[in-house]
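For reference, the structure is listed below as structure tokens.
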Amino acid sequence: MTSVGDVAATFQGAKLVTATYRAGLGLHAGIETRSATASFSNGRLELWLATQAPGLARTAAARAAGLGEDSVVVHPMLIGGSFGAALEPDIAEQAAILAVKLRRPVSLVWSRGEESLHDHYRAPAVAKMTARLAPNGAILGWSAKIAAPSTGAEMARRMMPGLATEAALIGVRGDRYAVAGATPAYRIPAYAIDHHPAEIGIPTGHLRGGAHGYTAFFTECFLDELAHVAQSEPMSFRIGMLGSAPRLARCLSTAAALGGWNGGVAGSGQGIAAHAFRGSYIAVVAEAHLGPDQRPVVDRLVAAVDCGAQINPDIVRQQIEGGLIFGLAGALGASTGITRGLADARGFDTIALPRLADTPDITVELIRSEEAPGGVGELGVPAVAPAIANALHASTGFRIRNLPLRPAA
């Protein structure tokens, strides 16, 4: 999908470093299950629901009920946690059909089990990572071959039918949404990012962070592996390739200073990762170890953020802290297996969400900047899992290449 230089020529006849990474289905797991209230009277349908896309909900409800859009009114309500789930209009469609057929007001609430069973999950993905190192440890070539469902095309087809055919959305080189964030922010002479569409028979959708939630995991963990192969300190290894991205380099050095970074040496339990997203930059230092039950325990997260000019720093900090916790949930759980086409997860008790007792000490440093404001709503999510995975490697010497992080996987 994206390439710079001649990767094939760079790899030809060279000794290569390879690794395969995997990410499982991601659950939205909002505290509030999806719900809608609908009333149909005198040919007019009104809906009250929590939605991130009221226009799409109105169109979908009208189509499902066999009405014109001018006969449907949607009242958007506050959302008790969504993380992308409320983009989907299915609850609006169901409430609309019931209200029109029953000719009476309807209040529809999904149970927790239904919320898991009918989720549009973040897509699973598998990445074959390959790189060539120069004798001095510099990365000469980089390849990421990522197999994942074409979620971008799937969402467009499901929510905006008639806009474009799926083939046109995917194109001949893959679905850009499915590999968003996979292009390294680092200076690499030759690299190639390839998407291999995967049909899995399970609906997928947007989850906070999107594909960045797994592409950052692939990239930043593999960079950590390359740093160890090159016998280089992981932070310096990254900064040495960021001459054209000084804002990300500053985030790395700031997070390292605040986190007491000691180089991520064996036994330290420290890991570092960085990511660029929607015009903003973040670096995360994590301290983690394996508990007595061999499950990861995260002791500390330190994040340095450059999101440009900050209109309301308190809101920025809250968004980053929330994103870090969301990324922590994705690193430790918030996933499900599938049996006979149905999600195994039915409630919060089975998906290892972090509780207050599991929440690490969190430090967020906002770097002053006069650059144009960037996005922060999803910025805190992607770098958390790789920072924790790298910390666990420093703690145990064992490299976990699966998300959620499971030592036995």
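The values are calculated or read from the model by the stated rules, or taken from the named source; none is laboratory data. This is a predicted model, so every value here is computed, not measured. Don't worry about glycine lacking a Cβ; one is built from the backbone with ideal geometry, like all the others, and counts go over all protein chains shown.
Scanning for something over 22 Å from A134 (Cβ atoms), in the same structural domain as I367 (by TED's automatic domain parsing) and small (G, A, S), does segment 225-236 turn up at least one residue? Among the residues of segment 225-236, not one is over 22 Å from A134 (Cβ atoms), in the same structural domain as I367 (by TED's automatic domain parsing) and small (G, A, S), which makes the answer no. Screening G327 with (1) over 27 Å from H228 (Cβ atoms); (2) part of a helix (DSSP H, G or I) gives one miss only, at (1).
From the list A148, A96, the lone residue that is at pLDDT 95 or above and either in contact with a His (Cβ under 8 Å, 6 or more places away or on another chain) or in the same structural domain as V381 (by TED's automatic domain parsing) (or both) is A148.
Out of the residues in segment 211-270 that are crowded, with 24+ Cβ neighbours inside 10 Å and acidic (D, E), which is farthest from G308 (Cα to Cα)? Once the filter is applied, the top-ranked residue is D224. K15 meets all of the listed conditions (1) outside the structural domain of G213 (by TED's automatic domain parsing); (2) part of a loop (DSSP other than H, G, I, E, B); (3) surrounded by fewer than 16 Cβ atoms within 10 Å (Cβ to Cβ) but one, namely (1).
In the set A288, A331, A276, only one residue is under 24 Å from A138 (Cβ atoms) and in contact (Cβ under 8 Å) with a residue 60 or more places away in the chain; that residue is A276.
For every residue, the table says whether it meets (1) in contact (Cβ under 8 Å) with a residue 60 or more places away in the chain; (2) farther than 19 Å from I202 by Cα; (3) of a type in the set (S, T, Y); (4) in contact with an Asp or Glu (Cβ under 7 Å, 6 or more places away or on another chain).
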position	(1), (2), (3), (4)
E93	no, yes, no, no
K101	no, yes, no, no
V109	yes, yes, no, no
G113	yes, no, no, no
I139	yes, yes, no, no
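Could you please find all residues in segment 372-408 being of a type in the set (A, V, I, L, M, F, W, C) and assigned to a loop (DSSP other than H, G, I, E, B)? Listed by number, the residues that qualify are A372, V376, L379, V381, A383, F398, I400, L405, A408. State the number of residues belonging to segment 64-88 that are touching a residue at least 12 places away in the same chain (Cβ under 8 Å) and in a helix (DSSP H, G or I). Selection size over segment 64-88: 6. Only residues that are farther than 30 Å from L405 by Cβ, out of contact with any Phe, Trp or Tyr (no Cβ under 9 Å at 6 or more places or on another chain) and either assigned by TED's automatic domain parsing to the domain that holds L328 or among the charged types (D, E, K, R) (or both) were counted across segment 26-61, and they come to 2. Looking only at residues in segment 157-191 that are among the β-branched types (V, I, T) and within 27 Å of S82 (Cβ to Cβ), which one is modelled with the highest pLDDT? By that ranking, first place goes to V179. For the condition assigned by TED's automatic domain parsing to the domain that holds G375, without any contact (Cβ under 8 Å) to a residue 24 or more places away in the chain, over 20 Å from the mean Cα position of the chain (by Cα) and not in a loop (DSSP other than H, G, I, E, B), what is the one hit in D349, D293? After ruling out the rest, the residue left standing is D349. Find all pairs meeting these conditions: Cβ atoms under 7 angstrom apart; at least six residues apart or on different chains; first residue within segment 352-379 and at pLDDT 95 or above; second residue crowded, with 18+ Cβ neighbours inside 10 Å and hydroxyl-bearing (S, T, Y). Partner pairs satisfying both residue conditions: E365/T254; I367/T254; G374/S280; G375/S280; V376/S280; L379/S280. Among the residues of segment 287-342, which ones are at pLDDT below 95 and among the acidic types (D, E)? Correct list: D293 only. Look at segment 1-26: where a residue is over 21 Å from A216 (Cβ atoms) and a partner is modelled with pLDDT of 95 or more and not in a strand (DSSP E or B), sitting 6+ places away or on another chain with Cβ atoms under 7 Å, you get G5/P189. For segment 360-409, a residue qualifies if it is of a type in the set (V, I, T) and closer than 20 Å to G322 by Cβ, and the qualifying residues are I362, T363, V364, I367, V376, V381, V384, I388. For segment 355-366, filtered to residues that are in contact with an Asp or Glu (Cβ under 7 Å, 6 or more places away or on another chain) and crowded, with 18+ Cβ neighbours inside 10 Å, the residue that is nearest to I311 (Cα to Cα) is V364. Filtered by the rule that a residue be over 16 Å from M155 (Cβ atoms) and in contact with a strand residue (DSSP E or B) (Cβ under 7 Å, 6 or more places away or on another chain), segment 45-67 gives L45, E46, L47, W48, L49, A50, P54, R58, A61, A62, A65, L67. Would it be correct to say that S116 is buried (at least 23 other Cβ atoms within 10 Å of the Cβ), of a type in the set (S, T, Y) and closer than 25 Å to I31 by Cβ? Yes.
Among the residues of segment 281-326, those that are farther than 27 Å from E371 by Cα and out of contact with any strand residue (DSSP E or B) (no Cβ under 9 Å at 6 or more places or on another chain) comprise P292, D293, Q294, R295.
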